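The values are calculated or read from the model by the stated rules, or taken from the named source; none is laboratory data. Treat the numbers as computed from the prediction; the structure is a model and nothing was measured. In this analysis, Cβ positions are derived from the backbone assuming ideal geometry, glycine residues included, and neighbour counts consider all displayed protein chains. Just so you know, the surface numbers come from the protein's heavy atoms only, side chains and all, with ligands and any DNA or RNA stripped out. Shrake-Rupley method; radii C 1.70, N 1.55, O 1.52, S 1.80 Å.
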Amino acid sequence: MKNQILRMLTGTLAFIASGTVLADEWNMRVGVTDISRQVYDLHMTIFYICVAIGVVVFGVLFWSVFQHRKSKGAVPATFHESTKLELAWTIVPTLILIVMAIPATQVLVQMYDTGGEDMNIEVRGYQWKWQYKYLDEDYNNSYSFFSSLATPRSQITNRSEKADTYLLEVDEHLRIPINRKVRFLVTSEDVIHAWWVPDFGIKRDAVPGMLNELWAIVETPGIYRGQCTELCGQDHGFMPIVVEAMPEAEFDAWYATKVSSEIVRQETMSKSLTHDELMVQGEATYGTYCSSCHMANGEGVPPVFPAIAGSIVANGSRDDHLSLVINGISGSAMQAFGKQLDAVQLASVVHYQRNAFGNDVGDVSQPQDVINLSKGQ
Amino acid sequence: MSEIIHADHHDDHAHGPAKGILRWLYTTNHKDIGTLYLWFSLAMFFIGGAMALVIRTELFQPGLQFIEPAFFNQMTTNHGLIMVFGAIMPAFVGLANWLIPMQVGAPDMALPRMNNLSFWILPFAFSMMISTLFMEGGGPNFGWTFYAPLSTTYAPDSVTYFIFAVHLMGASSIMGSINIIATILNMRAPGMTLMKMPMFVWTWLITAYLLIAVMPVLAGAVTMMLFDIHFNTSFFNAAGGGDPVMFQHIFWFFGHPEVYIMILPAFGIVSHIIPTFARKRLFGYTSMVYAVASIAFLSFIVWAHHMFTVGMPLAGQLFFMYSTMLIAVPTGVKVFNWIATMWRGSMTFETPMLFAIAFVVLFTIGGLSGIMLAITPADYQYHDTYFVVAHFHYVLVPGALFSIIAAVYFWIPKWTGKMYDESLGKLHFWLSFIGVNVTFFPQHFSGLAGMPRRIPDYALQFADFNMISSIGAFIFGFSQLFFLYVLIKTIRSGKPAVGRAWEGAKGLEWVLPSPAPYHSFTYPPEVTDKESYA
Ligand SMILES: [Cu+2]
């Protein structure tokens, strides 16, 4: 019996030790930032200290289990206290802990040094996707996009072969330059999420109403993957994070094209669209953002998700309808789409809802109406 | 001593238990109520365990095979809630009911009617909570920590039932604790000074104070949720000026002492079993008592180590890191004292002893991963991954749960007057020991490799660990059905046990015959040095 216990123990320790050798798949990642490497070293230091403690403590325990057994004729000793021993095993662990606390404090202080950044990116969690916004005053902070899971449904439901990046692929990567201090400002639109890129050694909760700061200076170009780590509802397991670190020049070129096309897009906001244009754009937007709840045929899933067909709102005042979609209905699943969609999308989706599914209001909603409404608030 | 036993027998004739089912409904007897608590917790353990197996089945392979993510979240949430509030806590209260009056030399608990109420609330609370799974929109799906606003603005409608159920559980715990404190402080036999109390009594005394201190905090948290949901307040709603992070502070101010509520009585149990089978007095009784007291005190000032990633200021992070690390010191003292108790004893390895030794080893592993988690910069990498899942399951399953199982094997001769079958008990131990490690050890690795907790599906690099883990879970789960079989076999056809069922057993409960008389001590026994612990 005791042999078994010993074998278990040595097996366990060997298991742990082999884990440290096999790296990556078994152990924390070393990562690609100075901080992540320091965190890794800290982790390994503490881990070895813990293993050493384990070896000593379990060693004594098992020695006793083997030697001091009745079947070997052991006669119980009568000692049952020793102030010296108690003091020793209070003081020695305290000293070990102090040894651990010193490097931990140093790393933590460095992590909190969020100043001197080269660029800022706002990271906003949504159920169940991430929004990234390059905070750049020159361009009115305007380049932002959503990044959501790109793994096809068929892989999740086992109808097709799973890709290597299964559940870790998004439709649009967050791009950052290497060797620059990038500051991430993390927040959330609905529930709490958490933004984590293991290779950067950073993780922070995305809390509605709060702006948390994080930073990273990535040293190697590459694609780095992470996941949301705070339970955020049904699709918590399906909102990955993918960051692509690019050489600086490449990043700058890419960013410049994004910004110029953004300027063009903003100009279209002031144009008026025809009924047909609005219907086409509206149907597309509806299909992407609304049909999961209100259904493609506008019938909804009453009583949870109301029908748009015949809805009082969709057949009532246009501005009320617009502002409902812009501001959402607080305390319900109907989110404020004003932050997610641009004026063209908002105007067209409302126009579409008012003129499809048998609704026939006949009025027109233009991007400018959305802009006016938003300004009026 | 013989007089006392005689008197008990005499008394037994006068008023034994009532007959039939009403006995259990109306009973005010500490043993009956203890039995009710224990069976109830066993039932909850199987329900919560079945949910764990649903979870592990879905996680056996990557991809969604059996259940939808929405249901998966209900399973993880209810598994956690049921195991914490329905299995572990009631089991400890059941043990307290059975043992404390016997160990302090009292006839019964101090407040027997309240005792009945505090038990009978529980079946209602849990039926209500479990019934929400069948309601439209489903049951609680926001994790056992129910962080706002996922548990308020975004919660299923059934959350109101959940809130009510938590209130009921809290009321039950508070009443149970008041009863335990009243019994311990007022009903000890003459000569049993505080520093001569058995360790189980000591740990429960401190646990009961913890419960009284933090259960109202939990009640406050869920009441604020209730107001946010139904009365348009904004305690935790950022849009209304509230603060979701405040919820976490309040929750963990309850939640951290709560984890010690689930482990301190375990420390007590192990402190009985190891001396018994080492045939040697507990080493360092006084320091054991002080260690428990300091752990209890520290448990109030470490809560935010569950929240290192919410974005606290540096000073806060450092404070909670240091205070958390400090807890390792008294915990270490306990482990060292147990080992010193075994040292140069004369050990035998009956089932309770096997579970107790496994407790010491595996709980220590959980404690060591706890130290790693306390290191804030490293915690950023561990937080909310399977590393945390592995950590707390190591302290709760081979920790709290093993101690409960050990206690059942240890005291069942006293409860039933019958001895369990030793070889079946040992088989149960080895199955559980293997199952628990196969389940939870690989989770350290999947966590370090980056697998977040509470996800129904995972990336391919985590596949091997999850498969091993699922196999272990099934081994562990089914070996507990075997435990049920061993228990029933003992009760039905176990060999008769003598009063002092274990050669090395000490303490007043062993002075009583087995099974113990219905009213434990009708005349206060004498606390001799031989039966005292200090
Ligand atoms: Cu999320």
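Would you say A:P76 is within 7 Å of another protein chain (Cβ to nearest Cβ) and touching a Lys or Arg at 6+ places or on another chain (Cβ under 6 Å)? In short, yes.
So is A:W215 more than 7 Å from chain B (Cβ to nearest Cβ) and within 14 Å of A:E122 (Cβ to Cβ) or not? Against the criterion (more than 7 Å from chain B (Cβ to nearest Cβ) and within 14 Å of A:E122 (Cβ to Cβ)), A:W215 qualifies. Residues considered: B:P330, B:P413, B:P352. Of these, the only one that is open to solvent by 10 Å² or more (accessible area, probe 1.4 Å) and in a helix (DSSP H, G or I) is B:P330.
Residue by residue, here is whether (1) open to solvent by less than 80 Å² (accessible area, probe 1.4 Å); (2) at pLDDT below 90; (3) more than 30 Å from B:R454 (Cα to Cα) holds:
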residue: B:I5; (1), (2), (3): yes, yes, yes
residue: B:D11; (1), (2), (3): yes, yes, yes
residue: B:W24; (1), (2), (3): yes, yes, yes
residue: B:I33; (1), (2), (3): yes, no, yes
residue: B:G49; (1), (2), (3): yes, no, no
residue: B:A52; (1), (2), (3): yes, no, no
residue: B:R56; (1), (2), (3): yes, no, no
residue: B:Q61; (1), (2), (3): no, no, no
residue: B:L64; (1), (2), (3): yes, no, no
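Of the set (1) at pLDDT 90 or above; (2) outside the structural domain of A:F337 (by TED's automatic domain parsing); (3) assigned to a helix (DSSP H, G or I), all apply to A:E244 but (3). Please identify the pairs in which a residue from segment A:222-236 that is within 7 Å of chain B (Cβ to nearest Cβ) and small (G, A, S) has its Cβ atom under 7 Å from the Cβ atom of a residue that is near the ligand (Cβ under 8 Å from one of its atoms) and open to solvent by less than 10 Å² (accessible area, probe 1.4 Å), counting only partners at least 6 apart or on another chain. Qualifying pairs under 7 Å: A:G233/A:V191. A:M279 satisfies every condition listed in (1) in the same structural domain as A:S147 (by TED's automatic domain parsing); (2) outside any loop (DSSP other than H, G, I, E, B) except (1). The number of residues in segment B:442-462 that are assigned to a helix (DSSP H, G or I) and at the interface with chain A (Cβ under 7 Å from one of its Cβ atoms) comes to 4. Checked against (1) within 16 Å of the ligand (Cβ to nearest atom); (2) open to solvent by less than 30 Å² (accessible area, probe 1.4 Å), A:A314 meets all criteria but (1). Restricting A:S144, A:S160 to those that are more than 30 Å from B:T153 (Cβ to Cβ) and either more than 14 Å from chain B (Cβ to nearest Cβ) or not acidic (D, E) (or both) reduces the list to A:S160.
There is no residue in segment A:152-172 that is touching a helix residue (DSSP H, G or I) at 6+ places or on another chain (Cβ under 8 Å), within 16 Å of the ligand (Cβ to nearest atom) and open to solvent by 30 Å² or more (accessible area, probe 1.4 Å).
Being under 19 Å from the mean Cα position of the chain (by Cα), within 12 Å of chain A (Cβ to nearest Cβ) and of a type in the set (A, V, I, L, M): is that true of B:V408 here? Can you show your working first?
On the way: under 19 Å from the mean Cα position of the chain (by Cα): yes; within 12 Å of chain A (Cβ to nearest Cβ): no; of a type in the set (A, V, I, L, M): yes.
No.
Taking segment B:184-225 as the range and being assigned to a helix (DSSP H, G or I), open to solvent by 50 Å² or more (accessible area, probe 1.4 Å) and among the β-branched types (V, I, T) as the test, only B:I212 passes. Of everything in segment A:205-242 that's among the β-branched types (V, I, T) and more than 16 Å from the ligand (Cβ to nearest atom), which residue is farthest from A:L108 (Cα to Cα)? Once the filter is applied, the top-ranked residue is A:I223.
If only residues of segment A:190-204 that are away from the ligand (no atom under 11 Å from the Cβ) and more than 7 Å from every other protein chain (Cβ to nearest Cβ) are counted, the one that is surrounded by the fewest Cβ atoms within 10 Å (Cβ to Cβ) is A:D199.
Scanning segment A:79-114 for residues that are at the interface with chain B (Cβ under 7 Å from one of its Cβ atoms) and not in a helix (DSSP H, G or I), we see that the one that is nearest to B:I274 (Cα to Cα) is A:H80. Taken over segment A:89-132, residues that are within 16 Å of the ligand (Cβ to nearest atom) and polar (S, T, N, Q) amount to 2.
Looking at the structure I just gave you, is A:G328 without any contact (Cβ under 8 Å) to a residue 60 or more places away in the chain and under 30 Å from A:D235 (Cα atoms)? When the stated conditions are applied, A:G328 passes them.
When B:T77, B:T153, B:T145 are checked against the criterion of being buried (at least 20 other Cβ atoms within 10 Å of the Cβ), outside any helix (DSSP H, G or I) and within 14 Å of another protein chain (Cβ to nearest Cβ), a single residue qualifies: B:T153. Going by the structure shown, is B:I434 closer than 18 Å to B:T351 by Cα and not charged (D, E, K, R)? So B:I434 passes the test.
Would you check if there is a residue in segment B:298-314 being closer than 24 Å to B:G143 by Cβ, facing chain A (nearest Cβ under 7 Å) and open to solvent by less than 10 Å² (accessible area, probe 1.4 Å)? Scanning segment B:298-314 turns up at least one residue that is closer than 24 Å to B:G143 by Cβ, facing chain A (nearest Cβ under 7 Å) and open to solvent by less than 10 Å² (accessible area, probe 1.4 Å).
Can you work out which of the residues in segment B:226-244 that are more than 34 Å from the chain's Cα centre (by Cα) and open to solvent by 80 Å² or more (accessible area, probe 1.4 Å) is farthest from the other protein chains (Cβ to nearest Cβ)? Top of the filtered list is B:F231. For segment A:72-99, the set of residues classified as modelled with pLDDT of 90 or more and small (G, A, S) consists of A:A88 only.
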